[in-house]
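Presented below is the structure to which this report refers.
The values are calculated or read from the model by the stated rules, or taken from the named source; none is laboratory data. Since the model is a prediction, treat every value here as computed from it, not as a measurement. Cβ sites come from the backbone with ideal geometry, for glycine too, and all protein chains shown count toward neighbours.
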Amino acid sequence: MSVVSESRVVRVLPDVPAIDKEFDYLVPDGMPVELGDVVRVDLHGRRVGGWVVALDVEPDPSVTLRALAKVSGRGPGADLLELAGWAAWRWAGRRAQLLRTASPTAVVQSFGRASIERADPGGPHPPTDPVLDRALSSDRAVLRLPPGADRYGLVRAAHLATDAGRQLLVLCPSVGEARDLASRLRRDRVRAVGLLGDVGGVAGGQAWARAHHEDVVVGARAGAWAPCPRLGRVLVLDEHDEGYQQEQAPTWHARDVVAERARRAAAACLLVSPCPTLEALDWGTLVTVPRGGERRGWPAITVVDQRRLDPALGPLFSPALVDLVRGEGRVLCVLNRTGRARMLACAVCATLARCEQCDAAVGQPEPGLLLCDRCGTERPTICLACGSTTLKSLRLGVSRAREELEALVGEPVGEVSGPGVDAGSAPDTRVVIGTEAVLHRIRGADAVAFLDFDQELLATRYRSAEQALGMLARAARVVRRRDGMGRLLVQTRTPDHPVIRSALQADPGHLVTSEVPLRQVLGLPPTTAMAVVSHAAAPDFIEALGQPLGVEVQGPVDGAWRLRAPDHETLCDALAAVPRPPGRLRVEVDPLRIWPGRSLVGHAVSAGFDPRKAHP
DNA sequence: CGGACAAGCTGA
DNA sequence: CAGCTTGTCCGG
């Protein structure tokens, strides 16, 4: 008996998505255990993984404890355990999900030995710059740097400005950018490590262990959970990028996670973007470069008013665009509509092409074939009203636009669309057309043309204006060259839109000025905090939620409810008070859309008809 | 999540 | 009433 009472007892959170509960276990004699360690335990007849979330706890005397089966390796430290608890509250998720992201993808036995001295960085030291100094001397700043600005110099300056012995954590929107930045820092003899983990964890074992004592740790979204025991400063590059938000619930945002993390560690946090989000501007002090510098950092932009069309060229190709693609140099054309044509009309009688089964507008995925997106019915290209086989596209998709563009320029035009992964798969033609993916897949070009920018400006996401400006900033980087900037061409029916004005005048402040009152009037974030609750268990969840003070419950629309509160404190406290009902449930805090996807397919599904089952 | 156990259904 | 399915509960 005395042996048992003297044994150590630890508290374990099992790595089982459906269990959000801690269990106590005995530590076998001589087994070294530390906070955050990854362990294996016997739970209800099966062996599962988990994390040690508390040491030396006083167990409930009414339960007989089992012993830890194994200590697998090191895991997230005490700071990250607490941060995961906070993030689970903030995004109404489970800690296990977040701790998995904060854990190495491979077993790590030890962190290795820390070297105390900081390596002397070689290479040219960045010149001191009053703007960077100002941004780096604040603990909560937002730096607005134009797309053409040198961000590597900023990273170097941030490294030098970080207290000796403390670490700099840098986040990039993509793994590729993080990899490039980490290797460039190492070439310049900065002690840096890139955390390039894929799904499931922040990094493989070796890099994860090294992050404990390198001076600079670079990562993408999951890098927010990098193990940095001596965190002194955080830098988030391209803070506006949507890649920082996790798509699956919990929909945590790396920017918000590191901002909270920095606060807890008394570290400085600097968000950087050519077009800072309203969320960022709400959080910290804005620092801008002098007007002239910002102006030089944006390329020349030609805006084409599509309301005045040349009928001979059709809706997508203005004379200015034709000049651009027939000129010299590499040109990328962006059209965010996949497929060939999304809507067609008869060339003879002008009747809209509809589905004979369900009446929805049909598209033309390939020549000669009409397809209904809603119910999957196909038919040959024929007008049901007059029998004509000549239909014309009302809304061209990328594939059809490529054919027309090729005819206009008289040379092959490549196409980039869909979620192709490897950058090497990009076509090497001089002119390339594609969805937004072209801007990610192709590294450099002389010009970028947006064929239908209203598609971006007027999208259904409430942040679409900010995202549209972000896309112009990305295009601006793609056309950045040694001899200055290339050209951007934007075709739109709303040439006075604040997004266009911001880019033309190189002043994203215009968009902020127009967007803030709009969000206030409509009660949209960041003026409010929102969540969307959906899937089978949503009705039970909403019933259990009731009517908490300060939380507005709207819906259901398509089986989803929208919750709105004045702030996250109110919203998240209310969500945390609800016991999770059994069944499939999605709680999306800070949703990208204020209502979930309202595609035709979505409607059909909610009406009890699943087109994917009807047409396998 | 997934095993345990209880309550409900079926067939001879 | 055995043998099986379906549902609810709970884990140290």
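Scanning segment A:550-576 for residues that are within 28 Å of the chain's Cα centre (by Cα) and in a loop (DSSP other than H, G, I, E, B) returns A:Val551, A:Asp558, A:Gly559, A:Pro566, A:Asp567. Only strands (runs of 3 or more DSSP E) whose full extent lies in segment A:240-350 are considered here, and the ones with at least 1 residues that are within 23 Å of the chain's Cα centre (by Cα) are A:268-273, A:285-288, A:331-334.
Within segment A:103-115, is even one residue surrounded by fewer than 22 Cβ atoms within 10 Å (Cβ to Cβ), within 16 Å of DNA strand B (Cβ to nearest atom) and not polar (S, T, N, Q)?
At the first step, the residues of segment A:103-115 found to be surrounded by fewer than 22 Cβ atoms within 10 Å (Cβ to Cβ) are A:105-107, A:109-115.
Okay, now just the ones that are also within 16 Å of DNA strand B (Cβ to nearest atom), so none.
No, segment A:103-115 contains no residue that is surrounded by fewer than 22 Cβ atoms within 10 Å (Cβ to Cβ), within 16 Å of DNA strand B (Cβ to nearest atom) and not polar (S, T, N, Q).
Residues A:Gln246, A:Gln206: which one is surrounded by fewer than 24 Cβ atoms within 10 Å (Cβ to Cβ) and under 29 Å from A:Ile594 (Cβ atoms)? The match here is A:Gln246.
With the structure loaded, tell me whether A:Leu394 is assigned to a loop (DSSP other than H, G, I, E, B), in contact (Cβ under 8 Å) with a residue 12 or more places away in the chain and farther than 30 Å from A:Pro173 by Cα or whether it fails that test. No. Look at (1) under 25 Å from A:Ala300 (Cα atoms); (2) surrounded by 17 or more Cβ atoms within 10 Å (Cβ to Cβ) and you find that A:Leu458 fails only one, number (2).
Filtering segment A:442-474 to residues that are out of contact with any His (no Cβ under 9 Å at 6 or more places or on another chain), among the charged types (D, E, K, R) and within 24 Å of A:Glu279 (Cβ to Cβ) leaves A:Glu456, A:Arg461, A:Arg463.
Name every residue in segment A:46-67 that is more than 9 Å from DNA strand C (Cβ to nearest atom) and in contact (Cβ under 8 Å) with a residue 24 or more places away in the chain, in order of residue number. Reasoning before the result, please.
Within segment A:46-67, the first condition is being more than 9 Å from DNA strand C (Cβ to nearest atom), and the residues that meet it are A:47, A:49-56, A:58, A:61.
Matches in segment A:46-67: A:Gly49, A:Gly50, A:Trp51, A:Val52, A:Val53, A:Ala54, A:Leu55, A:Asp56, A:Glu58.
Given the structure, is A:Gly583 more than 23 Å from A:Arg94 (Cβ to Cβ) and either within 16 Å of DNA strand C (Cβ to nearest atom) or without any contact (Cβ under 8 Å) to a residue 60 or more places away in the chain (or both)? No: the conditions fail for A:Gly583.
The residue list A:Pro495, A:Pro526 contains one member that is more than 17 Å from A:Leu145 (Cα to Cα), outside any helix (DSSP H, G or I) and out of contact with any strand residue (DSSP E or B) (no Cβ under 7 Å at 6 or more places or on another chain), which is A:Pro526.
Among the residues that make up segment A:43-62, is at least one of them under 22 Å from A:Ala78 (Cβ atoms), within 16 Å of DNA strand B (Cβ to nearest atom) and of a type in the set (A, V, I, L, M)? Within segment A:43-62 (the criterion being under 22 Å from A:Ala78 (Cβ atoms), within 16 Å of DNA strand B (Cβ to nearest atom) and of a type in the set (A, V, I, L, M)), the answer is no, since none of the residues qualifies.
For segment A:539-549, the set of residues classified as outside any helix (DSSP H, G or I) and surrounded by 14 or more Cβ atoms within 10 Å (Cβ to Cβ) consists of A:Pro548 only. Just one of the numbered conditions (1) away from DNA strand B (no atom under 15 Å from the Cβ); (2) surrounded by fewer than 16 Cβ atoms within 10 Å (Cβ to Cβ); (3) part of a loop (DSSP other than H, G, I, E, B) is not true of A:Gly75: (2).
For segment A:17-38, a residue qualifies if it is under 22 Å from A:Ala78 (Cβ atoms), free of Cβ contacts under 8 Å to residues at least 60 places away in the same chain and out of contact with any helix residue (DSSP H, G or I) (no Cβ under 6 Å at 6 or more places or on another chain), and the qualifying residues are A:Lys21, A:Glu22, A:Phe23, A:Asp24, A:Tyr25, A:Leu26, A:Val27, A:Met31, A:Pro32, A:Val33, A:Glu34, A:Asp37. Is it true that A:Leu335 is crowded, with 17+ Cβ neighbours inside 10 Å and modelled with pLDDT of 80 or more? So A:Leu335 passes the test. The residues on offer are A:Leu43, A:Leu35, and the sole one that is more than 8 Å from DNA strand C (Cβ to nearest atom) and under 39 Å from the mean Cα position of the chain (by Cα) is A:Leu35.
Tally up the residues in segment A:5-26 that are within 27 Å of the chain's Cα centre (by Cα), more than 8 Å from DNA strand C (Cβ to nearest atom) and at pLDDT below 95, please. Let's see the steps before the verdict.
Step one: list which residues in segment A:5-26 are within 27 Å of the chain's Cα centre (by Cα), which gives A:15-18, A:20.
With more than 8 Å from DNA strand C (Cβ to nearest atom) added as a condition, the list becomes A:15, A:17, A:20.
Applying the additional criterion that residues be at pLDDT below 95 yields A:17, A:20.
Qualifying residue count for the region: 2.
Looking only at residues of segment A:9-31 that are closer than 22 Å to A:Glu82 by Cα and part of a loop (DSSP other than H, G, I, E, B), we find that the one that is farthest from DNA strand B (Cβ to nearest atom) is A:Glu22.
The one condition from (1) modelled with pLDDT of 95 or more; (2) within 24 Å of the chain's Cα centre (by Cα) that A:Thr105 does not meet is (1).
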